[in-house]
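These notes concern the structure reproduced below.
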Amino acid sequence: MSFRIKGLPAEDFQHLFALSDEELAKQNAVRRMADGRKPGYPCRVSLEDSKAGDELLLVNYEHLPVNSPYRMRFAVYVRKGDATYDKINQVPEQLRSRMLAVRAFDDAGMMRG
């Protein structure tokens, strides 16, 4: 059985990097420069950890925009200039090195299993 792992769409975030910090604040987002922590901040686009000096945005992302009790928004980091991770049968290191919670939803947004 094959599986696909895909990061968030880069095009949804790249325009935000051109905004001033004041404009970002109006969108409930903040700009950060990554420090040297290991692991780094998890970019949800490239599914790679940040490195010291990387420009990041911390934004609120609605990942399940359905009319359901499971509708959810959460804060995510995105890194400037990254392309969307999209691979079949491969798990990126970022996901192999952290504890994960996995949820499955049907087409109507209802939780299964």
Subset of the range 12-30 (residues that are open to solvent by 40 Å² or more (accessible area, probe 1.4 Å) and closer than 11 Å to residue 78 by Cβ): 12, 14
Unmet requirement for residue 86, which otherwise passes all of (1) touching a Phe, Trp or Tyr at 6+ places or on another chain (Cβ under 7 Å); (2) within 17 Å of residue 11 (Cβ to Cβ); (3) in contact (Cβ under 8 Å) with a residue 60 or more places away in the chain: (1)
Some residue of the range 53-61 being touching a Gly at 6+ places or on another chain (Cβ under 9 Å), at pLDDT 95 or above and within 21 Å of residue 3 (Cα to Cα): no
Test: residue 37 is open to solvent by 80 Å² or more (accessible area, probe 1.4 Å), under 14 Å from residue 77 (Cβ atoms) and touching a strand residue (DSSP E or B) at 6+ places or on another chain (Cβ under 7 Å): no
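Being in a strand (DSSP E or B) and open to solvent by less than 70 Å² (accessible area, probe 1.4 Å) is true for just one of 66, 59, 45, 91. Which residue is that? Please lay out each step first, then the result.
Numbers: 66 fails: in a strand (DSSP E or B); 45 fails: in a strand (DSSP E or B); 91 fails: in a strand (DSSP E or B).
The unique qualifying residue is 59.
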Identity of the residue in the range 78-88, open to solvent by 50 Å² or more (accessible area, probe 1.4 Å) and not small (Gly, Ala, Ser), that ends up nearest to residue 18 (Cα to Cα): 80
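The values are calculated or read from the model by the stated rules, or taken from the named source; none is laboratory data. Because the structure is a prediction, the values reported are computed rather than measured. Cβ: placed from backbone, ideal geometry, glycine included. Neighbour counts: every protein chain shown. The accessibility values were calculated without ligands, DNA or RNA, using every heavy atom of the protein model including side chains. Shrake-Rupley method; radii C 1.70, N 1.55, O 1.52, S 1.80 Å.
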